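Down below is the structure, laid out as structure tokens.
Values quoted throughout were computed directly from the atomic coordinates according to the rules given, and no laboratory measurement underlies them. Every value quoted in this text rests on a predicted model; they were computed, and no experiment measured them. Cβ sites come from the backbone with ideal geometry, for glycine too, and all protein chains shown count toward neighbours.
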Amino acid sequence: MTTTNLSPQEEQSPVTQTESKEAQRYYSATQFQLIWWRFRKHRLGQAGALILLTMALAGLFAEFFGPYSGITRTSEAVLVAPQAPRFCNDDGCALRPFLPGVTAERNMETLRMETKIDLSVRRDIYFFIKGEEYKLLGIFKMNTHLFGIEEGSIHLFGTDSLGRDIFSRALLATRTSLSIGIFGVIIAFVLALVIGGTAGYFGGGLDYGIQRLTEVVRVIPVIPLYMGLAAAFPKEWSSTQVYFAMTLVLALVGWPTLARRIRGKLLSLRGEDYVIAARLSGAGPSRIIARHLLPAFMSYIIVDLVISFPFMLLSETALSFVGLGLRPPTVSWGVLLQDAQTVRAIEQAPWLFIPALFVIIAVLSFTVLGDGLRDAADPYQVSN
Amino acid sequence: MVKFLVQRTIGMIITMFFVSMMVFAIMELPPGDYAERWAFRKFSGTGAQITEADLDNIRANFGLDRPAPERYFKWISGIVLHGDFGEAFAFQTSVNNVIGQKIWLTLAILFFTLVVTYLVSIPVGIYAAVRRNSIEDYALTAFSYLGFALPNFLLALVLLYVSITVFDSSVGGLFSPEYADAPWSIDKAKDLLSHLVIPAIILAWSATAFQLQTVRATMLDELNTLSVTAARARGVPEWKLLLKYPARLAINPVVSTMSFDANRIFSELPIVALVLGLPELGELLLKSYLDLDMFVAGAILLILTFMIVFMNFLSDIFLAILDPRVKLIEG
């Protein structure tokens, strides 16, 4: 396929020393190398990938990066506003960041608790501090946290109405929400591969039936359909069961779009000479699909998978937000946003919305990453 | 044209048949059965002892002891022949009573949202294509990205917050208190319209972002065609030329995806309605899911899907009128 960008003259002469190193490297590169080189030119896509990688790491090691476990309640810090670390006060500046002292006082006129910030008090922030014990990745017992404070408590994103640290909870939620998206996409992909693959490879009546089925799934409004499936979860299910059921629900409603794409690609490729050659030499359908057809459009499928991510994330958030998806004590972005359902909540504690920023950033990153990959997916395109 | 219409109508009926089976399957999904939930609703807190025999009686009363295909047939024939959607147990009345007027409010929201979507996305999409790679174009692309990424309930909450703090008015609900129970009048309709603005903006947000990009992409393709160059060479004024050739064609993909927009809008409706407190079908659907009032939920799901399928039918007809080539291919 690379030969398309060679002139006839070059095509005839064998690769000689006269060709530059770069050209040789280009002509002998594998498809994935070419995709990688093109993707490296797409700045926005790379930024998206970087942000997602950071999020994934932060989620994976949430207990280490967050100063508290997601369920620790600080009773003296209920609905505390986000606290920004400072470096300077009247006494001067220092490299070690600190939180100013906080005193809570009841205002005798309004009877509300009011917090006063006392800049003269330095509550130093320490790094790699010993704190609550946790199991890293569920295996290693540890008690070191990336940062923490010795007097009082530290809440970068504030606390909720039960005094739980939103920063720590948002990191844990990142793990849940991203992983549910990943599992959902994988299951949807397998379903789409089997169903779309069958339809596309065999064609005919089977294809027609499967097409009608996907059409019906696609015509019912998506979120109400999700909700109907999620409403059926028994109330007594544990949070783990609900978690896995949710991935299944997301996948069940997510496969038709992917299946259509796979079917279309297979239909267009199954008449190619190399497929007929494989069939003549006795290869079975599953071998032909897996060995000969899939690699031909794998890059497109990867792009489709990346693009379907935001949809899964938004669906999970929406379902959990209205109480039909994941349930507490599981922490996900949607579950966190349940606290911010009413206008009164925003007026009282706008920082309860911070988890929504995670959703927006993740969705945007997936979208630009998908765009970048789509441009890179076809490395031979420019040569025409 | 008649043949085309008949074909499409038959297609619509077949799709709805499969949809109704799927909806029935969803209604059957929740654990426990209707009789248990009905008895729980009715007798919980009264101290009455319910035995298995009582449950069997209730089951027999509702015909729940019949096999699933028979129940499906009874349910669907009730709907098709008598327009009867069954019993809403949480409200102790028929589903028709519960849904009633809400269908029209839902349709009003859908219609209003679609109007907003197309009034914004088509002209703006054309503008972005004509001024491609300008600052405005980039800004609009950025807006489209945000349109995909912003969860709609978040937008709803933010607009609600702004309208309360800045404009000191509540955007929740569909009617002002003084009109809520009043009979229909011009003033009440005006009141409804003013309350529809915020929900329509929120629901139109992502659909607009999507269609804007579609219009822009099609326009870019069409602007490069020879017909445009030829018209320009003839000295046709630029705006006239835009409307005559590329803009006409750029509308086609928008028209053909009208039912997807309806699908998107109905998808977002329950959550937006919950936040804004809109008394329409989406909100009721959410409530009945939470109560497991599956007859109401099934009826609403069926009605919403029917609206989408019907929109698809309409968009096929519009498309055939706008672009006669479509009919030739199909026919």
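The figures follow:
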{"item": "For the range B:47-140, projected area of the alpha-carbon convex hull averaged over all directions, nm²", "result": "12.3 nm²"}
{"item": "FRET efficiency, A:LYS141 to A:ILE186 (Cβ-Cβ, R0 30 Å, nearest 0.05)", "result": "0.50"}
{"item": "Pair A:THR103, B:VAL197: separation of 7 Å Cα→Cβ label points (nm)", "result": "4.8 nm"}
{"item": "Among A:GLY205, A:GLY196, A:GLY370, residue whose mean-square fluctuation peaks in a GNM of chain A (springs only between Cα atoms under 10 Å)", "result": "A:GLY205"}
{"item": "Projected label distance in nm at A:ASP124 and B:GLN7, using a 7 Å step from Cα toward the beta-carbon", "result": "8.1 nm"}
{"item": "Within-15-Å neighbourhood charge of B:ALA128 [Cβ basis; K, R +1; D, E -1]", "result": "-1"}
{"item": "Helix B:34-43 axis, angle to chain B major axis (alpha carbon atoms, nearest 10°)", "result": "70 degrees"}
{"item": "Sum of -39500 (n - 2.57) over DSSP H runs of 4+, divided by residues of chain A (222 nm, nearest 500)", "result": "-18000 deg cm²/dmol"}
{"item": "Linear extension gain, B:LEU146 paired with B:PHE310, 0.36 nm per residue minus alpha-carbon span", "result": "56.0 nm"}
{"item": "Relative packing of peptides B:18-24, B:264-270, A:237-243 - highest average C-beta neighbours within 10 Å first", "result": "B:264-270, B:18-24, A:237-243"}
{"item": "Chain A: DSSP helices with Cα axial extent of at least 27 Å and average Kyte-Doolittle hydropathy no lower than 0.0", "result": "A:166-202, A:239-269, A:294-321, A:354-377"}
{"item": "Charge sum, other residues only, whose C-beta stays under 13 Å from A:PRO256's C-beta, Lys/Arg counted +1 and Asp/Glu -1", "result": "+3"}
{"item": "Exceeding the 22 Å Cα-Cα cut-off - candidates B:LYS102/B:LYS188; A:LYS141/A:LYS235; A:LYS21/A:LYS41; B:LYS188/B:LYS287; A:LYS235/B:LYS287", "result": "A:LYS141/A:LYS235; B:LYS188/B:LYS287"}
{"item": "The range B:108-291: C-alpha gyration tensor shape, a/c 1.5 cut-off, then a/b vs b/c", "result": "prolate"}
{"item": "Sites A:ILE117 and B:ALA217 - FRET efficiency at Förster radius 60 Å, r taken between beta-carbons, to 0.05", "result": "0.70"}
{"item": "Cα→Cβ-extended label distance, 7 Å offset, between A:LEU162 and B:SER94, nm", "result": "4.5 nm"}
{"item": "Cβ-Cβ FRET estimate between A:ARG25 and B:ALA233, R0 fixed at 35 Å, reported to 0.05", "result": "0.15"}
{"item": "Net charge, B:ALA207 excluded, C-beta distance under 10 Å - Lys, Arg +1, Asp, Glu -1", "result": "-1"}
{"item": "For residues of A:210-216, the mean tally of beta carbons on other chains within 10 Å", "result": "3"}
{"item": "Other protein chain Cβ atoms within 10 Å, averaged over every residue that makes up B:289-295", "result": "3"}
{"item": "Residue of B:ASP187, B:ASP221, B:ASP316 that the Gaussian network model of chain B assigns the largest fluctuation, springs spanning Cα pairs under 10 Å", "result": "B:ASP187"}
{"item": "Contour minus Cα-Cα distance for B:PHE111 and B:LEU243 (0.36 nm per residue)", "result": "45.0 nm"}
{"item": "Scattering curve values for chain A, log₁₀ I(q)/I(0), Debye with Cα scatterers, q = 0.12, 0.15 Å⁻¹", "result": "-1.03, -1.33"}
{"item": "Residue among A:THR214, A:THR176, A:THR247 with the largest mean-square fluctuation in a Gaussian network model of chain A, springs linking Cα atoms under 10 Å", "result": "A:THR214"}
{"item": "Chain B: relative contact order as a whole-number percent, Cα under 8 Å and 6+ apart", "result": "25 percent"}
{"item": "Rg/Rg_globular for the protein assembly as shown, with Rg_globular taken as 2.2 N^0.38 Å and Rg from C-alpha atoms", "result": "1.09"}
{"item": "Degrees separating the helix B:294-322 axis from the principal Cα axis of chain B, which is the longest one", "result": "20 degrees"}
